[in-house]
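Colleague: Below is the structure I would like to discuss, written out as structure tokens.
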Amino acid sequence: MSSDFEGYEQDFAVLTAEITNRIGKVPKLLGDEKKQMVSNVEKHLEEARELLEQMELEVREIPPQSRGMYSSRMRSYKQEMEKLEVDFKRSRIAYSDEVRNELLGDDGNSSEIQLIKLREERAHLLDNTERLERSSRRLEAGYQIAVETEQIGQEMLENLSHDREKIQRARERLRETDANLGKSSRILTGMLRR
């Protein structure tokens with residue numbers, strides 16, 4: 001089951017990278033190209049939502065003792081999905097600003113240059129914000145892995161402690177058995193001498 005989940009994870013990672021790439025292109029395109037890109041991103045977002053649903057179903061099938069690790073991954077994927085949807089809305093706002101200007105016939109050269117500069121600045125800010133959020137998600141994922149590793153280490157230490165106790169008990173039984181065998185041997189040799 002975890003292999004299915006990991007397969008979905010890989011598909012989700014590829015899909016979200018593609019969505020991020022396309023969202024970044026939306027404000028820079030014009031006319032029909034932009035409409036086509038917006039439609040394309042909407043389809044990809046729907047695919048990503050469906051993948052998340054599949055991943056959730058897989059998590060429900062995983063035994064409860066292993067489910068915690070996968071649940072924390074799901075939370076981070078859902079956060080990533082929400083961020084993508086917010087970024088897409090922002091890029092569509094830029095798209096609707098351009099459509100509004102086209103409809104109003106705002107063809108002034110200076111306002112067009114300002115609009116281009118504003119779009120570039122907006123795109124730059126969005127890129128920086130996206131990088132920061134990715135770094136935050138990576139740090140959070142790293143922290144989750146560290147916590148999970150610590151839990152696994154604690155479980156292993158507990159298992160080793162239990163095994164040690166079993167070995168010590170077995171060693172005590174062996175000593176008792178050896179002592180009993182020694183007594184039996186002395187009794188038998190005494191009986192043979194008589």
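The values are calculated or read from the model by the stated rules, or taken from the named source; none is laboratory data. Note that the structure is a prediction, hence the values are computed from the model and not measured. Every residue, glycine among them, receives a Cβ derived from its backbone with ideal geometry; neighbour counts consider all protein chains shown. Calculation scope for accessible area: heavy atoms of the full protein, side chains included, ligands and nucleic acids excluded. Shrake-Rupley method; radii C 1.70, N 1.55, O 1.52, S 1.80 Å.
Colleague: If the cut-off is a Cα-Cα distance under 20 Å, which lysines reach K43, setting aside same-chain residues fewer than 8 apart in sequence?
Modeller: K25, K28, K34, K35, K78, K83, K89
Colleague: I would also like to ask the following. Would you mind listing how long the range 44-92 runs along its three principal axes, going by Cα atoms, in whole Å with the largest first?
Modeller: For the range 44-92, the Cα spread along each principal axis is 42, 17, 8 Å.
Colleague: Enter the accessible area per residue of the chain (Å², integer; probe 1.4 Å; all protein chains in place).
Modeller: On the way: 14310 Å² over 194 residues.
Result: 74 Å² of accessible area for each residue.
Colleague: Here is a follow-up. Which of these, K183, K28, K83, has the largest mean-square fluctuation under a Gaussian network model of the chain (Cα springs below 10 Å)?
Modeller: In this elastic network of the chain, the residue with the biggest mean-square fluctuation among K183, K28, K83 is K183.
Colleague: Starting from 0.36 nm per residue, how many nanometres of slack lie between L125 and E47 once their C-alpha separation is accounted for? Before the final figure, lay out each step's value.
Modeller: Details: separation 78, 0.36 × 78 = 28.08 nm, distance 2.71 nm.
Full extension from L125 to E47 adds 25.4 nm.
Colleague: Mind ordering 45-57, 122-134 by average Cβ neighbours within 10 Å, highest first?
Modeller: Working: 45-57: 15.5, 122-134: 13.2.
Answer by packing, highest mean first, reads 45-57, 122-134.
Colleague: Just to be sure I understand: with springs between alpha-carbon atoms less than 10 Å apart, which residue in S71, S161, S91 has the highest mean-square fluctuation in the Gaussian network model of the chain?
Modeller: Maximum among the listed residues: S161.
Colleague: Another question, if that's okay. For D178, what is the net charge nearby, where nearby means another residue's Cβ is under 12 Å from its Cβ and Lys, Arg count +1, Asp, Glu -1? All intermediate terms of the calculation are to be shown ahead of the outcome.
Modeller: Working: positive: R171, R173, R175, K183; negative: E172, E176.
Neighbour charge sum, excluding D178 itself: +2.
Colleague: In whole Å, what three semi-axes, largest first, describe the equivalent ellipsoid of the chain built from its Cα gyration tensor (square root of 5 times each eigenvalue)?
Modeller: Values: eigenvalues 976, 53, 16 Å².
The equivalent ellipsoid of the chain has semi-axes of 70, 16, 9 Å.
Colleague: A further question on this structure: Roughly how many percent of the accessible protein surface of the chain is carbon and sulfur, given a 1.4 Å probe and a whole-percent answer? List each step's numbers first, then the result.
Modeller: On the way: 7500 of 14310 Å².
Here it works out to 52 percent.
Colleague: Still on this structure, I have one more. Can you give me the C-alpha center-to-center distance between the range 38-74 and the range 1-23, rounded to a whole angstrom?
Modeller: Each part reduced to its Cα centre gives a spacing of 9 Å.
Colleague: Per DSSP helix of 4 or more residues, -39500 (n - 2.57); summed, then divided by the residues of the chain. What does that give at 222 nm, rounded to the nearest 500?
Modeller: Details: 4 runs with 181 residues, N = 194.
After summing the helix terms and dividing by the residues of the chain, the value is -35000 deg cm²/dmol.
Colleague: Ignoring ligands and nucleic acids, what accessible area does I93 show with a 1.4 Å probe (Å², nearest 10)?
Modeller: Accessible surface of I93 is approximately 90 Å².
Colleague: Here's another thing I want to ask about it. Note the full-extension length gain between R193 and A13 as 0.36 nm times their separation in residues minus their Cα-Cα distance, in nm to one decimal. Working shown, then result.
Modeller: Working: separation 180, 0.36 × 180 = 64.80 nm, distance 8.41 nm.
Between R193 and A13, full extension yields an extra 56.4 nm.
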